[in-house]
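The values are calculated or read from the model by the stated rules, or taken from the named source; none is laboratory data. It should be emphasised that the depicted structure is a prediction, and the values quoted were computed from it without experimental measurement. Virtual Cβ from ideal backbone geometry, glycine too; neighbours counted across all protein chains shown.
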Amino acid sequence: MRIPFLSSFVTSPFEGLLEHAEKVKECAWAFQQAIECHISDRCGQFEELRREVSQLENQADSIKRRIRGHLPIGTLMPVSKFQLFRYLREQDQVLDAVKDSLNWISYRTEPGIPEEVHKDIFLLVDAVIDPLEELSRMVAGAKRYFETYSEKQRVAVKEIIRKVRSQEHEADKAEAAIKQRVFNMAIDPVTVFHMIRLAETIGSIADHAENAGDMMRAMLSR
């Protein structure tokens, strides 16, 4: 008979993962507002929102350190600490990519993002936000699975993982569209480099979300 994973813990490590995932969601919302603010001529709060994202990332780092420092030594787990920490690392790198994207924008405020790619940037941001909103659902579902070992719950979590993978594919297409447009615009080389790097950094947000999903799938398969 399988002993439920979480019964071995005074506090479930998945509680911390879920708390961390909620910070990712908060960060995603602030990131979306910051991008909209930067592109809009009517908003002067970009720096404030960028600082908010940085603060949320710092809070998530504290949660990450707490998870790593409070796993009971010698506790039997159906998933290895390596897998758990790999998952946490990918979820944390989502936040790093969000912060890096806003920092990269801040390095060159003028002339800013060309108007011709505003719509494409919005589409890319929307595409990377979608999988981030699934992470907390995925972690919450995994927590319930390891409490019950319900096959129905396991299937539900795997469906979320498939959805995240599909959303990452849409983000890849949005990133490629920006690159194609920028390379065919009559703009200076510095702007081309700035925009290509920005598209890749924003796109990496969804990449890390997909990687987190892959690590979750590996944990569920044990």
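Points worth noting:
- Subset of segment 158-189 that is aliphatic (A, V, I, L, M) and free of Cβ contacts under 8 Å to residues at least 24 places away in the same chain - its residue that is farthest from Leu124 (Cα to Cα): Ala186
- Inside segment 37-47, residues that are touching a residue at least 40 places away in the same chain (Cβ under 8 Å) and surrounded by fewer than 16 Cβ atoms within 10 Å (Cβ to Cβ) make up a count of 1.
- Qualifying residue in segment 193-204 (condition: surrounded by fewer than 16 Cβ atoms within 10 Å (Cβ to Cβ) and of a type outside the set (Phe, Trp, Tyr)): yes
- All conditions but one from (1) surrounded by fewer than 17 Cβ atoms within 10 Å (Cβ to Cβ); (2) more than 15 Å from Ala212 (Cα to Cα); (3) modelled with pLDDT of 95 or more apply to Arg89; the one that does not is (2).
- Sub-6 Å Cβ pairs linking a first residue in segment 19-33 that is without any contact (Cβ under 8 Å) to a residue 40 or more places away in the chain to a second residue that is of a type outside the set (S, T, N, Q) and in a helix (DSSP H, G or I), at least 6 apart or interchain, are Glu26/Leu56; Ala30/Leu49; Ala30/Glu52; Ala30/Val53; Gln33/Leu49, ordered by first then second residue.
- Verdict on Ala156 being at pLDDT 95 or above and farther than 30 Å from Lys179 by Cβ: yes
- Residues of segment 175-204 that turn out to be closer than 24 Å to Met216 by Cβ and not β-branched (Val, Ile, Thr), as a count: 3
- Failed item in (1) modelled with pLDDT of 95 or more; (2) among the basic types (Lys, Arg); (3) surrounded by fewer than 17 Cβ atoms within 10 Å (Cβ to Cβ); (4) within 26 Å of Ile161 (Cβ to Cβ), with Arg2 passing the rest: (1)
- Among residues of segment 137-167 being touching a Lys or Arg at 6+ places or on another chain (Cβ under 8 Å) and under 19 Å from Glu90 (Cα atoms), the one that is surrounded by the fewest Cβ atoms within 10 Å (Cβ to Cβ) is Lys158.
- Phe14 crowded, with 21+ Cβ neighbours inside 10 Å, outside any loop (DSSP other than H, G, I, E, B) and modelled with pLDDT under 95: yes
- Qualifying residue in segment 117-131 (condition: touching a helix residue (DSSP H, G or I) at 6+ places or on another chain (Cβ under 7 Å) and among the basic types (Lys, Arg)): no
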